[in-house]
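Peer 1: I'd like to ask some things about the structure below.
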Amino acid sequence: MKSKLKRFEIIASRENVLEPGKEIFQKIKGNWHRDYFKNQNPITMELACGRGEYSVGMARLHPERNYIGVDKKGDRLWKGSTWAFEDQLPNVGFLRTEILFIESFIEAREVDEIWLTFPDPRPRKRDIKRRLSSSRYIDIYKKLLKPDGYFRFKTDNTDLFNFTLEELGYRNDLLDFEYTHDLYESHLRPECYDIKTRYEEMFAAKGEKIKYLRFRFEH
């Protein structure tokens, strides 16, 4: 507990974590380029980023782009925040909020790309609407993405992936839609940069196939 409280103290003092209690937290919507990144580079947002391996990894590879990692757990964000701080990466920041409230912090068409990486599968039927790849969330992502922006999704969970494919099957607004049940053996693998989260490494070591899909929306 003491360690967790210490982490909360640290991120409260860091500029690369936007969370309740900070003035910029309530004013950032529509102003990420101007008030946080201070440039006009494209923005990639990672939802359910956990410790931020993907956000930080992509920020290292692409200094010409900006990255926002979003998660509700402050102790998780502490890790990504620390990596970004130690590596002096000005092109990555972290937003502490529930994904359900993401429209309070991101303006319509403000981001160029969205990643959803290894979210909680929420296997219970009563939690279907809370799955971050359900239709109501996909509709939100469409609002936030710029035209031609990609949505990308990775998971080890077969049931969640099949659920997502079923949800997307009802839509008629998807372009360049591709998916694989075995990313490591797919031609789509280079799109993921071989960046691996802790969960990906853990489940892949157990023999789970990593699933991946991506598409753009037709506006």
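The values are calculated or read from the model by the stated rules, or taken from the named source; none is laboratory data. All values reported here derive from a predicted model rather than from experimental measurement. Here the Cβ positions follow ideal geometry from the backbone for every residue, glycine too, while neighbour counts run over all protein chains shown.
Peer 1: If GLN40 satisfies all but one of (1) more than 27 Å from GLU191 (Cα to Cα); (2) not in a helix (DSSP H, G or I), what's the number of the condition it fails?
Peer 2: (1)
Peer 1: Name every residue in the range 119-167 that is of a type in the set (Lys, Arg) and assigned to a helix (DSSP H, G or I), in order of residue number. It would help to see each step written out before you state the result.
Peer 2: Here is the first cut: in the range 119-167, the ones of a type in the set (Lys, Arg) are 122, 124-126, 129-131, 136, 142-143, 146, 152, 154.
Residues satisfying the conditions are LYS125, ARG126, LYS129, ARG130, ARG136, LYS142, LYS143.
Peer 1: Determine which single condition ASP139 fails, assuming it passes every other condition in (1) in contact with a helix residue (DSSP H, G or I) (Cβ under 9 Å, 6 or more places away or on another chain); (2) farther than 27 Å from ARG60 by Cα; (3) modelled with pLDDT of 95 or more.
Peer 2: With (1) in contact with a helix residue (DSSP H, G or I) (Cβ under 9 Å, 6 or more places away or on another chain); (2) farther than 27 Å from ARG60 by Cα; (3) modelled with pLDDT of 95 or more applied to ASP139, the lone miss is (1).
Peer 1: Using beta carbons and a limit of 8 Å, which pairs, at least six apart or on different chains, have the first residue in the range 159-184 and at positive phi and modelled with pLDDT of 95 or more and the second one not small (Gly, Ala, Ser) and not in a loop (DSSP other than H, G, I, E, B)?
Peer 2: Between residues of the range 159-184 that are at positive phi and modelled with pLDDT of 95 or more and residues that are not small (Gly, Ala, Ser) and not in a loop (DSSP other than H, G, I, E, B), the close pairs are ASP176/TYR150; ASP176/ARG214; ASP176/PHE215; ASP176/ARG216.
Peer 1: From GLY50, GLY21, GLY30, grab the single residue that is surrounded by fewer than 23 Cβ atoms within 10 Å (Cβ to Cβ), part of a loop (DSSP other than H, G, I, E, B) and touching a strand residue (DSSP E or B) at 6+ places or on another chain (Cβ under 9 Å). Step through it out loud before you land on a result.
Peer 2: Values: GLY21 fails: touching a strand residue (DSSP E or B) at 6+ places or on another chain (Cβ under 9 Å); GLY30 fails: touching a strand residue (DSSP E or B) at 6+ places or on another chain (Cβ under 9 Å).
So the residue among GLY50, GLY21, GLY30 that is surrounded by fewer than 23 Cβ atoms within 10 Å (Cβ to Cβ), part of a loop (DSSP other than H, G, I, E, B) and touching a strand residue (DSSP E or B) at 6+ places or on another chain (Cβ under 9 Å) is GLY50.
Peer 1: What's the number of the condition LEU116 fails, among (1) aliphatic (A, V, I, L, M); (2) buried (at least 20 other Cβ atoms within 10 Å of the Cβ); (3) assigned to a helix (DSSP H, G or I)?
Peer 2: The failed condition is (3).
Peer 1: Given (1) closer than 25 Å to TYR137 by Cβ; (2) out of contact with any Ser or Thr (no Cβ under 8 Å at 6 or more places or on another chain); (3) surrounded by 14 or more Cβ atoms within 10 Å (Cβ to Cβ); (4) in contact (Cβ under 8 Å) with a residue 60 or more places away in the chain, where does ARG7 come up short, assuming only one miss?
Peer 2: (1)
Peer 1: Would you say THR197 is over 19 Å from HIS219 (Cβ atoms) and in contact (Cβ under 8 Å) with a residue 40 or more places away in the chain?
Peer 2: On the way: over 19 Å from HIS219 (Cβ atoms): yes; in contact (Cβ under 8 Å) with a residue 40 or more places away in the chain: yes.
So THR197 fits the description; yes.
Peer 1: Then there's this: Checking GLY50 against (1) closer than 24 Å to PHE177 by Cα; (2) touching a helix residue (DSSP H, G or I) at 6+ places or on another chain (Cβ under 6 Å): exactly one of these is not met. Which one?
Peer 2: (1)
Peer 1: Okay, moving on. Please go through the range 53-63 and pick out each residue that is in a helix (DSSP H, G or I) and either over 16 Å from SER81 (Cα atoms) or of a type in the set (S, T, N, Q) (or both). If you could, list the steps in order and put the result at the bottom.
Peer 2: From the range 53-63, those in a helix (DSSP H, G or I) are 53-61; that's our starting set.
SER55, LEU61, listed by residue number.
Peer 1: Given the conditions (1) surrounded by 15 or more Cβ atoms within 10 Å (Cβ to Cβ); (2) at pLDDT below 95; (3) over 15 Å from the mean Cα position of the chain (by Cα); (4) within 30 Å of ARG14 (Cα to Cα), and given that TYR199 satisfies all but one, which numbered condition is not satisfied?
Peer 2: (3)
Peer 1: Additional query: Can you pull out every residue in the range 95-113 that is assigned to a strand (DSSP E or B) and closer than 18 Å to LEU145 by Cα?
Peer 2: Taking the range 95-113 and keeping what is assigned to a strand (DSSP E or B), we get 95-96, 111-113.
Correct list: LEU95, VAL111, ASP112, GLU113.
Peer 1: Failed condition for LYS209, given (1) under 22 Å from GLU53 (Cα atoms); (2) modelled with pLDDT under 95; (3) assigned to a loop (DSSP other than H, G, I, E, B), with all others met?
Peer 2: Going through (1) under 22 Å from GLU53 (Cα atoms); (2) modelled with pLDDT under 95; (3) assigned to a loop (DSSP other than H, G, I, E, B) one by one, LYS209 breaks only (2).
Peer 1: Let me ask something additional. Across the range 168-185, which residue is nearest to PRO147 (Cα to Cα) among those that are in a helix (DSSP H, G or I) and under 20 Å from the mean Cα position of the chain (by Cα)?
Peer 2: Going through the range 168-185, the residues in a helix (DSSP H, G or I) turn out to be 168-169, 183-185.
Those left that are additionally under 20 Å from the mean Cα position of the chain (by Cα): 168, 183.
On the way: LEU168: 18, LEU183: 26 Å.
For the range 168-185, the residue satisfying everything is LEU168.
Table: residues versus (1) polar (S, T, N, Q); (2) within 23 Å of PHE118 (Cα to Cα); (3) more than 19 Å from the chain's Cα centre (by Cα).
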{"residue": "GLU19", "(1), (2), (3)": "no, yes, no"}
{"residue": "PHE37", "(1), (2), (3)": "no, no, no"}
{"residue": "THR44", "(1), (2), (3)": "yes, yes, no"}
{"residue": "GLU64", "(1), (2), (3)": "no, no, no"}
{"residue": "ASP71", "(1), (2), (3)": "no, yes, no"}
{"residue": "ASP75", "(1), (2), (3)": "no, yes, no"}
{"residue": "THR82", "(1), (2), (3)": "yes, yes, no"}
{"residue": "GLU103", "(1), (2), (3)": "no, yes, no"}
